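The values are calculated or read from the model by the stated rules, or taken from the named source; none is laboratory data. It should be emphasised that the depicted structure is a prediction, and the values quoted were computed from it without experimental measurement. Heads up, the Cβs are rebuilt from the backbone with ideal geometry, glycines too, and the neighbour counts pull from every protein chain shown.
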Amino acid sequence: MADSGDLTSLLLRVEAITKNFGAVQALKGITFDVERGEVVALVGDNGAGKSTLVKIISGVYQPTSGKIILNGREVHFPNPAAAHAAGVETVYQHLALIEELDVADNVYLGRETTKYGVIGRMMGVLDRRQMRRATAAALESLHIKIPAPTMPVRMMSGGQRQAVAIGRAMTWGRQLLILDEPTAALGVEETEQVLAMIERLRDEAGMTFLVISHNMQDVYRIADKIVVLRQGRHAATLRKQETTMEEIVAYITGAK
Ligand SMILES: Nc1ncnc2c1ncn2[C@@H]1O[C@H](COP(=O)(O)OP(=O)(O)OP(=O)(O)O)[C@@H](O)[C@H]1O
Ligand SMILES: [Mg+2]
């Protein structure tokens, strides 16, 4: 794991971010760091501001004030495509996989045709073969276990779908993967598969994750660091090694 004292390991700094929606102050000055190769959990009660913050980091919303610093440089993401281009990928709770498409098509969704233009589209069969090969290789290299890349997503379990969505994000997200409630819709065994996959991608591929979760067991298991939001404010940043589940919950509820 990255050493928090080493400045070169700093991947993302969120600095004094505020966000107003009209009269609603959703975020009131949030500051925290994400080191390269660590899993940071973003927790807080309903309405605390988690999704708003993640949407700012991923270019869906613009902050009212404050800075996003990636690899030591301030970045401005006017839209999600700008965040993608900088290697920041987000997997939302509603996965946005297309049921009727196969795994490879889902991984390349929205990125395939523009690249090859009209001629590429005419040669669609060849492109798809190459996409499937590349997808199978990419998922295998990430140790992501899914059925054949030709299997339609509608035939897959929730855990397999989540694996495809994370696999897609991994294929494009070179810097940071943001997961919004990755296990909320999953059963016990599928949850275990997804958590193990996150740990493996961190430990073996050095990937960096920012994970929103309401599940304290999940958080306590995978997170290296826990950032707690409460009513739009930063309540605490806790190192897993130095805290307890009770303390995290106390910060969430305001008992602390
Ligand atoms: N587009 C919007 N327009 C107006 N208010 C908004 C908008 N999006 C979020 N808010 C408000 O901002 C606050 C934070 O909402 P947000 O969705 O970020 O919370 P959250 O921590 O993700 O909650 P949950 O755990 O329920 O998903 C809430 O008061 C919410 O009503
Ligand atoms: Mg939310």
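Condition check ((1) more than 16 Å from ligand 2 (Cβ to nearest atom); (2) outside any helix (DSSP H, G or I)) across all residues:
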position: I146; (1), (2): yes, yes
position: R154; (1), (2): yes, no
position: V164; (1), (2): yes, no
position: P182; (1), (2): no, yes
*Looking at V228, V211, which is the one that is out of contact with any helix residue (DSSP H, G or I) (no Cβ under 6 Å at 6 or more places or on another chain), part of a strand (DSSP E or B) and at pLDDT 90 or above?*
V211
*Do the conditions hold for A148, that is, is it within 15 Å of ligand 1 (Cβ to nearest atom) and more than 30 Å from E15 (Cα to Cα)?*
no
*How many residues does the range 66-75 contain that are in contact (Cβ under 8 Å) with a residue 12 or more places away in the chain and either within 16 Å of ligand 2 (Cβ to nearest atom) or touching a strand residue (DSSP E or B) at 6+ places or on another chain (Cβ under 6 Å) (or both)?*
5
*asked:* Given (1) in a loop (DSSP other than H, G, I, E, B); (2) in contact (Cβ under 8 Å) with a residue 24 or more places away in the chain; (3) within 16 Å of ligand 2 (Cβ to nearest atom), identify the lone condition not met by P63.
replied: (3)
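Return the total of residues in the range 25-64 being within 16 Å of ligand 1 (Cβ to nearest atom) and farther than 21 Å from I252 by Cα. Walk me through it before giving the result.
As a first pass, look at the range 25-64 and keep what is within 16 Å of ligand 1 (Cβ to nearest atom): 25-30, 32, 40-64.
Narrowing further to those that are farther than 21 Å from I252 by Cα: 56-64.
Number satisfying all stated conditions: 9.
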*Mind checking whether some residue in the range 73-84 is within 14 Å of ligand 1 (Cβ to nearest atom) and either under 18 Å from L238 (Cα atoms) or surrounded by 14 or more Cβ atoms within 10 Å (Cβ to Cβ) (or both)?*
no
*From the list V14, V43, which one is away from ligand 2 (no atom under 16 Å from the Cβ), surrounded by 16 or more Cβ atoms within 10 Å (Cβ to Cβ) and either over 22 Å from S65 (Cβ atoms) or over 14 Å from the mean Cα position of the chain (by Cα) (or both)?*
V14
*Evaluate the range 205-218: report whether one residue or more is buried (at least 16 other Cβ atoms within 10 Å of the Cβ) and farther than 24 Å from G49 by Cα.*
yes
*Here is a list of conditions, (1) at pLDDT 90 or above; (2) under 18 Å from the mean Cα position of the chain (by Cα); (3) away from ligand 2 (no atom under 16 Å from the Cβ), and A169 meets all of them except one; can you say which number that is?*
(1)
*Consider only pairs whose beta carbons are under 8 Å apart and that are at least six residues apart or on different chains; among these, list those whose first residue lies in the range 202-222 and is within 15 Å of L238 (Cα to Cα) and away from ligand 2 (no atom under 16 Å from the Cβ) and whose second residue is acidic (D, E) and not in a loop (DSSP other than H, G, I, E, B).*
I222/E199
